[in-house]
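Take a look at the structure below.
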There are 2 protein chains.
Amino acid sequence: MDVVMRIEQTLDGALSEAEGAGAPPGLAAAMRHAVFPGGARIRPRLCLAVARACGAEDFSAAAATAASIELLHCASLVHDDLPCFDDAPVRRGKPSVHRAFGEPLAVLAGDALIVLAFETLARHAAACPERLATLLLCVGRSVGMPFGIVAGQAWESEPRVDLARYHRAKTGALFAAATVGGAAAAGVESAPWRCLGEKIGEAFQVADDIRDVAGDPDELGKPVGRDAALGRMSAARELGIDGALDRLDLLIGEAAESIPRCPGAAELRALIRLEAQRFLPKELVRVAA
Amino acid sequence: MDVVMRIEQTLDGALSEAEGAGAPPGLAAAMRHAVFPGGARIRPRLCLAVARACGAEDFSAAAATAASIELLHCASLVHDDLPCFDDAPVRRGKPSVHRAFGEPLAVLAGDALIVLAFETLARHAAACPERLATLLLCVGRSVGMPFGIVAGQAWESEPRVDLARYHRAKTGALFAAATVGGAAAAGVESAPWRCLGEKIGEAFQVADDIRDVAGDPDELGKPVGRDAALGRMSAARELGIDGALDRLDLLIGEAAESIPRCPGAAELRALIRLEAQRFLPKELVRVAA
């Protein structure tokens with residue numbers, strides 16, 4: 001099955017469980033609004049690509065891991081958009097969840113998506129029960145305290161922020177879960193895959209900073225210039241567009257080099273270089289070295 | 001080891017993992033504020049009592065299940081207290097988390113406690129990996145959609161509410177997780193234990209309604225009269241205090257009768273009748289029938 005379709009089907013299956021007969025309809029609709037239609041699904045695609053590169057034959061554990069990571073990503077977007085954080089009116093070209101459904105259901109939709117992520121892992125564990133604890137701890141680490149997304153977001157409430165730690169937690173952690181989780185789902189030693197995820201996460205953050213300065217809001221489905229408006233740290237504002245593009249090239253090169261020995265290393269390396277170009281506004285894409 | 005001490009130690013161990021070196025200190029403090037000092041820890045004590053009644057010999061899985069249930073309970077209190085829901089200033093005799101740490105860290109503390117609950121289950125799975133998926137799905141069901149706490153809270157945003165469904169999700173689900181999870185952690189068939197948890201949950205809800213009308217705010221550690229102020233459904237307001245006390249007696253009797261055949265049934269039955277008295281303001285306790 002096509003990778004993208006597999007991800008959408010697994011996400012749809014998870015949402016359908018949450019929408020069972022007798023569910024409060026507003027919250028069910030808010031959850032679906034948060035997950036569909038999706039963005040680029042970069043994290044779950046990375047997870048499945050790593051599982052394939054590791055030689056996985058049965059993709060059910062990898063698909064569950066990929067879906068759980070995407071559900072957690074969507075949950076974090078819903079909560080980040082709340083009035084007490086970014087107060088974002090628009091997300092993926094639609095009203096944000098709290099604008100569409102009100103603040104109470106936005107808080108609950110984020111909560112429910114976090115729970116659903118862990119349930120999705122548990123439901124698909126039948127094929128490989130011995131891997132469940134590893135996958136759970138990998139995914140949990142990427143979103144919880146002390147080093148996951150919530151920790152990253154919490155650094156915004158601290159008077160002094162270690163910038164590298166902030167980005168590693170807020171953006172890098174979920175990419176690391178994608179690579180480590182993909183390898184663990186394939187049944188291979190997963191720790192050596194962390195570096196790849198962290199490098200891609202860092203590259204994604206730089207590309208996101210560039211888009212926020214130079215992107216097209218219609219193409220992005222959200223407003224630009226938010227980093228400057230909110231006084232946030234940004235590679236593009238620190239290094240300039242050209243400096244940020246150089247940094248992005250360097251990180252993608254390091255990411256490609258960090259891929260552990262595995263059956264599909266060459267193919268994965270090519271895929272990562274190709275995907276990196278998708279991160280950027282079209283007019284800024286350089287020809288790959 | 002004493003049951004209460006075992007619960008506090010497991011919770012403290014879980015929090016310590018979240019507070020690892022490099023954690024954002026504000027969020028770490030907000031999480032601890034939400035969990036310690038605790039309330040009556042009714043749900044985790046019930047979970048351990050059921051595991052004991054089922055003849056469990058190793059309590060590590062039961063303690064992890066009990067702690068995860070309490071962490072989810074604390075998470076739900078933090079989010080329920082937010083300005084967009086109850087806007088509660090006080091909880092357990094202290095400022096609520098958003099009053100003490102601000103709204104952003106309160107949202108994140110709830111999120112982080114949900115994640116920590118699932119991580120706590122996974123970390124203690126070493127002793128019985130084959131039970132992990134069952135325990136996860138049991139706990140997940142009690143807090144997620146379509147029948148868990150978040151679903152219960154979401155019914156407050158609906159124009160038409162099925163009252164029984166609302167209470168079953170908002171209060172009953174976590175008590176059911178305590179009984180079902182306690183039995184599953186002990187390795188016995190867990191489904192027959194759901195009725196006990198649901199009855200106790202319903203009894204607890206009635207007692208809570210009574211306390212909200214007739215309780216002492218100092219003893220409760222939170223204001224009374226909130227149900228009336230917020231226009232919420234309440235057994236005490238519908239049936240009067242005497243009617244509500246009759247209903248409570250009936251539910252506790254039904255709960256005691258529903259206990260499945262197990263080595264410690266008689267002891268558990270006595271414990272439940274005793275604990276039920278603790279639900280109430282002292283002056284309203286009737287002599288057990």
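The values are calculated or read from the model by the stated rules, or taken from the named source; none is laboratory data. Everything numeric in this text was worked out from a predicted model, so none of it was measured. Backbone-built Cβ (ideal geometry, glycine too); neighbour counts: all protein chains shown. Quick note on the areas: whole protein, heavy atoms, side chains included, nothing else; ligands and nucleic acids left out. Shrake-Rupley method; radii C 1.70, N 1.55, O 1.52, S 1.80 Å.
Which whole-number percentage describes the relative contact order of region B:138-289, with Cα contacts under 8 Å and a sequence gap of 6 or more?
Across region B:138-289, relative contact order equals 19 percent.
For chain A, modelled as a GNM with alpha-carbon contacts under 10 angstrom, which of A:24, A:95, A:159 fluctuates the most?
Checking each option, the largest mean-square fluctuation is seen for A:159.
Using a 1.4 Å probe on the protein heavy atoms, what percent of the accessible area of the protein assembly as shown belongs to carbon and sulfur?
53 percent
Using a 1.4 Å probe on the heavy atoms of the protein chains only, list every residue of region B:19-41 that has 50 Å² or more less accessible area in the complete assembly than in its chain alone.
Residues of region B:19-41 that lose at least 50 Å² of accessible area once the other chains are added: B:22, B:24.
Does region B:237-284 come out rounded, prolate or oblate by the C-alpha gyration tensor, with a ≥ b ≥ c the root eigenvalues, rounded set by a/c under 1.5 and, if not, prolate when a/b is larger than b/c and oblate if not? Don't skip to the end; give the middle numbers.
On the way: a/c = 4.76, a/b = 1.97, b/c = 2.42.
In terms of gyration-tensor shape, oblate.
Averaging sequence separations of C-alpha pairs under 8 Å and six or more residues apart, then dividing by the length of region A:3-284, give the relative contact order as a whole percent. Spell out each step's value before the answer.
Details: 422 pairs, mean separation 55.2, N = 282.
That works out to 20 percent.
If amide hydrogens are placed 1.01 Å from N in the peptide plane, which non-local residues have theirs closer than 5 Å to the one on residue B:91?
Answer set, sorted by chain and number: B:96.
Would you kindly find the accessible area of residue B:3, with a 1.4 Å probe and non-protein molecules such as ligands, DNA and RNA excluded, rounding to the nearest 10 Å²?
40 Å²
Over all directions, how big on average is the projection of the convex hull of the alpha-carbon atoms in region A:1-99, in square nanometres?
Computed as one quarter of the Cα hull surface, the answer is 7.0 nm².
For chain A, what does the helix formula give at 222 nm: sum of -39500 (n - 2.57) over DSSP H segments with n ≥ 4, over the residue count, nearest 500 deg cm²/dmol?
Details: 15 runs with 190 residues, N = 289.
So the calculated ellipticity at 222 nm is -20500 deg cm²/dmol.
Simple spin-label model, 7 Å along Cα-to-Cβ: residue A:278 to residue A:12 in nm?
1.9 nm
If you take the square roots of the eigenvalues of the alpha-carbon gyration tensor of region A:61-185 and sort them as a ≥ b ≥ c, do you get rounded (a/c under 1.5), prolate (a/b over b/c) or oblate?
Oblate is the answer for region A:61-185, as a/c is 1.5 or above yet b/c matches or exceeds a/b.
Which number do you get for Rg(Cα) / (2.2 N^0.38 Å) in the protein assembly as shown?
Normalised Rg, Cα atoms only: 0.98.
With the label 7 angstrom out along Cα to Cβ, how close does residue B:40 come to the same site in each of the other copies, in nm, nearest first?
Relative to the other copies, residue B:40 has label-point distances of 5.3 nm.
Filter B:170/B:199; A:94/B:170; A:170/A:199; B:199/B:222; B:94/B:199; B:222/B:282 down to the pairs with a C-alpha to C-alpha distance above 21 Å, please.
Over 21 Å apart, Cα to Cα: A:94/B:170; B:199/B:222; B:94/B:199.
On a 1.4 Å probe surface of the protein chains, which of A:195, A:47 comes out largest in accessible area, and what is the full order?
Putting A:195, A:47 in descending order of accessible area: A:195, A:47.
Using a 1.4 angstrom probe with every protein chain in place, what is the largest-first accessible-area order of B:271, B:105?
If we order B:271, B:105 from most to least accessible, we get B:271, B:105.
For the full complex of protein chains and a 1.4 angstrom probe, list A:220, B:251 by accessible area with the highest value first.
A:220, B:251
Evaluate the charge dipole of chain A about its Cα centre and quote only its size in Debye, nearest 20, assuming +1 on the Cβ of each Lys and Arg and -1 on the Cβ of each Asp and Glu.
Using Cβ point charges on Lys, Arg, Asp and Glu, chain A gives about 240 debye.
Other chains' Cβ within 10 Å of A:118-125 residues: what's the mean?
6
Over all directions, what mean area does the Cα convex hull of chain A project, stated in square nanometres?
The Cα convex hull of chain A, projected and averaged over all directions, gives 14.5 nm².
Taking +1 at the Cβ of each Lys and Arg and -1 at the Cβ of each Asp and Glu, which of A:88, A:171, A:61 sits farthest along the dipole of chain A towards its positive end, judged by Cα position relative to the Cα centre?
Farthest along the dipole direction, towards plus: A:61.
Take the alpha carbon gyration tensor of region B:142-289, find the square roots of its eigenvalues, order them as a ≥ b ≥ c, and report rounded if a/c is under 1.5; if not, report prolate when a/b exceeds b/c, else oblate.
oblate
Once both labels are modelled 7 Å past Cα along the beta-carbon direction, what's the residue B:160-residue A:257 spacing in nm?
6.5 nm
Put the label 7 Å from Cα along Cα→Cβ for residue A:277; what are its distances to the other copies, in nanometres, shortest first?
7.8
With a 1.4 Å probe and every protein chain left in place, tell me how much accessible area residue A:250 has, in Å² to the nearest 10.
90 Å²
For the protein assembly as shown, what is the accessible area per residue in Å² when the probe is 1.4 Å? Numbers along the way, then the final one.
Numbers: 22560 Å² over 578 residues.
With all protein chains present, the protein assembly as shown gives 39 Å² per residue.
Can you tell me what percent of all Cα-Cα pairs in region A:6-55 are more than 14 Å apart?
Beyond 14 Å sits 59 percent of the P(r) for region A:6-55.
Using a 1.4 angstrom probe and counting only protein chains, how large is the accessible area of residue A:92 in Å², to 10?
The accessible area of residue A:92 comes to roughly 60 Å².
Inter-copy label distances at residue A:239, 7 Å along the Cα→beta-carbon direction, one decimal in nm, shortest first?
Values, ascending and in nm: 6.7.
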